[in-house]
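Remarks on the structure that follows.
We did not get these values from a lab; they are worked out from the coordinates using the rules stated. Just so you know, these numbers come straight off a predicted model, no measurement behind them. Neighbour counts are summed over all protein chains in view; Cβ atoms, including those assigned to glycine, are modelled from backbone coordinates with ideal geometry.
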Amino acid sequence: MNRQRRMAICFTDRGWPSSVRFVGGADLAFEKSPSPRPRRAGTVGSRAIAVALVWDRKTRSCVEVAVARRRIRFPYVPGLLSFREAPVLLAAMRKLKTAADVWMFDGHGISHPRGCGLATHLGILRDVGTVGAAKSLLCGRCAQPARRRGSRARIIHNGRLVGYALRTRAGAEPIYVSPGFRCHPRQAVDLVLSCSYGHRLPEPTRLADAMCARLRTPKSQ
């Protein structure tokens, strides 16, 4: 927790690129062991698979994908998920040859009790602009956005604007967008909306999630 607080102090909303074409997206899944004495998926010693990719906003296509597998070394502790997920995500990200202008993660940025969710954690470690696009609200308060696509509502935590609840598709449940690093909340929400094409989740993280599901072992999972 103290490390998260120290990292949160490093947050800045400056340094966002003037033009963003290539958006990195990454996600992970926990694998069940096929061994005779398997470990429960997601526990220490079990394995996780991460997919990192680069999405081209201009062509609306994926230009490169990388995969990594690692054993889980950090236990499940609510609010500290970045410490167990970051190693395998970083391993996949480092395999990519195409440089992303910014990165997007299925998780939180500064909309976190200590101001340092997964997107902030990884943004600071990589010194790159990052955005969190999560499926649920972790902290703070916000109203429900209107039901039309692009509607948004401010997320306020401890009197501070930390992100937006965003309706990426008319009638769909909102997602919760927050800046991770080198990013302002408005830049974060505009990027996520620009990468959303008819699905609730933005393409960079939606595709990474789908690829993780296909690559998990055993195949029957």
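Mean-square fluctuation check for the chain, GNM, Cα pairs under 10 Å: which of Ser151, Ser61, Ser18 is largest?
Looking only at Ser151, Ser61, Ser18, the largest GNM fluctuation is found for Ser18.
Between Arg126 and His199, what is the label-to-label distance in nm when each label sits 7 Å out along the Cα-to-Cβ direction?
Calculated label separation equals 1.8 nm.
Report the full-extension gain for the segment Arg154 to Phe83: residue separation times 0.36 nm, less the Cα-Cα distance, to one decimal in nm.
That works out to 22.8 nm of additional length.
By its C-alpha gyration tensor, with a ≥ b ≥ c as the square roots of the eigenvalues, how is the range 130-199 shaped: rounded for a/c under 1.5, else prolate for a/b larger than b/c, else oblate?
On the way: a/c = 1.97, a/b = 1.25, b/c = 1.57.
Note, shape of the range 130-199 comes out oblate.
With both partners inside the range 1-125, how many of the DSSP beta bridges are antiparallel, as a percent to the nearest 5?
The antiparallel proportion sits near 85 percent.
Could you tell me which of Leu118, Ser18, Cys62 has its Cα farthest along the dipole of the chain towards the positive end, charges placed at Cβ (Lys, Arg +1; Asp, Glu -1), taken about the Cα centre?
So the residue furthest toward the plus end is Leu118.
If you look at just the Cα atoms of the range 103-221, how large are its Rg and its Dmax in Å?
Rg then Dmax for the range 103-221, in Å: 14.1, 47.
Calculate the length of the line joining the C-alpha centroid of the range 152-221 to that of the range 46-72, in whole Å.
16 Å
Lys/Arg Cβ at +1, Asp/Glu Cβ at -1, dipole of the range 72-205 taken about the Cα centre: which of Gly171, Gly79, Cys183 is farthest positive-ward?
The one lying farthest along the dipole's positive direction is Gly171.
By how many nm would the segment from Arg60 to Arg141 grow when fully extended, if each residue of separation counts as 0.36 nm and the alpha-carbon distance is taken off?
Gain in length upon complete extension: 25.8 nm.
With loop defined by DSSP as not H, G, I, E or B, and exposure as at most 16 other Cβ atoms within 10 Å, which is the longest segment of the chain clear of exposed chymotrypsin sites (Phe, Trp or Tyr not before Pro)?
Longest stretch, sites excluded: 77-196.
So for each of 45-51, 187-193, 168-174, 143-149 I average, over its residues, the number of other beta carbons within 10 Å; can you give me the resulting order with the highest mean first?
187-193, 45-51, 168-174, 143-149
Per DSSP H run of n ≥ 4, the term is -39500 (n - 2.57); total these for the chain, divide by its residue number, and report the mean residue ellipticity at 222 nm rounded to 500 deg cm²/dmol.
Using -39500 (n - 2.57) per qualifying helix, the result is -7500 deg cm²/dmol.
So how tilted is helix 185-194 from the main axis of the chain? Cα-based, degrees 0 to 90, rounded to 10.
For 185-194 against the chain, the angle is about 70 degrees.
Restricting to the chain, compute how many DSSP beta bridges are antiparallel as a %, nearest 5.
Restricted to the chain, the bridges split so that about 85 percent are antiparallel.
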